1. Just to be sure, is T186 without any contact (Cβ under 8 Å) to a residue 24 or more places away in the chain, farther than 20 Å from A232 by Cβ, among the hydroxyl-bearing types (S, T, Y) and open to solvent by 30 Å² or more (accessible area, probe 1.4 Å)?
2. Given the condition under 30 Å from L13 (Cα atoms), of a type outside the set (K, R) and in contact (Cβ under 8 Å) with a residue 60 or more places away in the chain, answer yes or no: does some residue in region 218-239 qualify?
3. Is there a residue in region 149-170 that is in contact with a Cys (Cβ under 9 Å, 6 or more places away or on another chain) and either hydrophobic (A, V, I, L, M, F, W, C) or in contact (Cβ under 8 Å) with a residue 40 or more places away in the chain (or both)?
4. Of all residues in region 221-263, how many are at pLDDT 90 or above, more than 34 Å from the chain's Cα centre (by Cα) and of a type in the set (D, E, K, R)?
5. Got a sec? Which of A238, A210, A180 is among the aliphatic types (A, V, I, L, M) and exposed (fewer than 15 other Cβ atoms within 10 Å of the Cβ)?
6. Could you please find all residues in region 130-141 being surrounded by 11 or more Cβ atoms within 10 Å (Cβ to Cβ) and either modelled with pLDDT under 90 or among the hydroxyl-bearing types (S, T, Y) (or both)?
7. Given the residues T218, T186, T195, which is the only one that is more than 17 Å from the chain's Cα centre (by Cα) and at pLDDT below 95?
8. Say we look at region 136-187 and pick out the residues that are acidic (D, E) and part of a loop (DSSP other than H, G, I, E, B); which of these is nearest to A3 (Cα to Cα)?
Amino acid sequence: MTAATAVQAAADLQAAREQWGDLLAAIGHPPRAEWPPRDSRALGATPEDDEPAVGRLPLVLREHPAPANLRALDAAVSVERALFEACDAIAATVQRPVRRRRVALRSIPPHTVMREDQADRDDPARWHYPAPTSPGSRAYGLHWAAVWLEGRALDEQSGDLFAPLPEPVLDYLATVARHARARVETALGRDGRPTPLDRPCPYCRGQLTAHTRSGDPTAATIVCATGEPCPAPVLLTAGRRTWAGADLVSLWAALTAEHPAPA
């Protein structure tokens, strides 16, 4: 079970970081239940949203004036904090301390002192803890934290910098990763739960319901509750008119034509 746990933990971390940009974009936009799944392109990303997430100031260190989507902000801050804390805890368990070496001083009489090995301290694979004057590796944001944790879950080696994760620590990481993915996907409406839309079917006035698949916004479908009598120009699936893939575009156009956006 250890190998399966490690692979699943890495998959959950990957899913969380790959959807992180969408969650950041969602913070600045009011929640929208009428057209799941949500992603940054559908939300109308701003130029700031297009910037790489890597290297941006972490959410826990940023100001958030009047966010439009508190649910997304709460989820993002919670997930980011959980992953940063996991990195700190796991680094304390399996990461080798910085090596120290003896350095000769130019002094009379000559003597030596022990100092940190600068190259070892600056190893890019090393996780750096926050300090009063520096956020450490947290400055690189959630994306790097998730990648670093994936490496620990899969026991990726970097010389002798890391020891393998003990099983209890791997179980802890798997729990953090699972909860992080679930929190991100729930905030984005991608947790697999059906979402009744607030607009009726433009073809028969029946109830429309959106269905998403966890972690896969391209797998969304919209289903009309009327069934076969609905004259919508899409195929029946399990007795219901169902829009998927490119058909969603035509449904969106029909709904927009009925309810144009206010000028």
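The values are calculated or read from the model by the stated rules, or taken from the named source; none is laboratory data. Since we're looking at a predicted model, the values are computed, not measured. All Cβ positions, glycine included, derive from the backbone under ideal geometry; neighbour counts span all protein chains shown. All accessible areas refer to the heavy atoms of the entire protein, side chains included, with ligands and DNA or RNA removed. Shrake-Rupley method; radii C 1.70, N 1.55, O 1.52, S 1.80 Å.
1. no
2. Within region 218-239 (the criterion being under 30 Å from L13 (Cα atoms), of a type outside the set (K, R) and in contact (Cβ under 8 Å) with a residue 60 or more places away in the chain), the answer is yes, since at least one residue qualifies.
3. Quick first cut of region 149-170, residues in contact with a Cys (Cβ under 9 Å, 6 or more places away or on another chain) only: 149, 152.
Checking which are either hydrophobic (A, V, I, L, M, F, W, C) or in contact (Cβ under 8 Å) with a residue 40 or more places away in the chain (or both) leaves us with 149, 152.
The answer is yes, given that some residue of region 149-170 is in contact with a Cys (Cβ under 9 Å, 6 or more places away or on another chain) and either hydrophobic (A, V, I, L, M, F, W, C) or in contact (Cβ under 8 Å) with a residue 40 or more places away in the chain (or both).
4. Selection size over region 221-263: 1.
5. A238
6. S134, S137, Y140
7. Details: T218 fails: more than 17 Å from the chain's Cα centre (by Cα); T186 fails: more than 17 Å from the chain's Cα centre (by Cα).
When all the criteria are applied, what remains is T195.
8. Within region 136-187, the subset acidic (D, E) is 150, 155-156, 160, 167, 171, 185.
This time we only want the ones that are part of a loop (DSSP other than H, G, I, E, B), so: 155-156, 160.
Values: D155: 10, E156: 13, D160: 21 Å.
This residue is D155.
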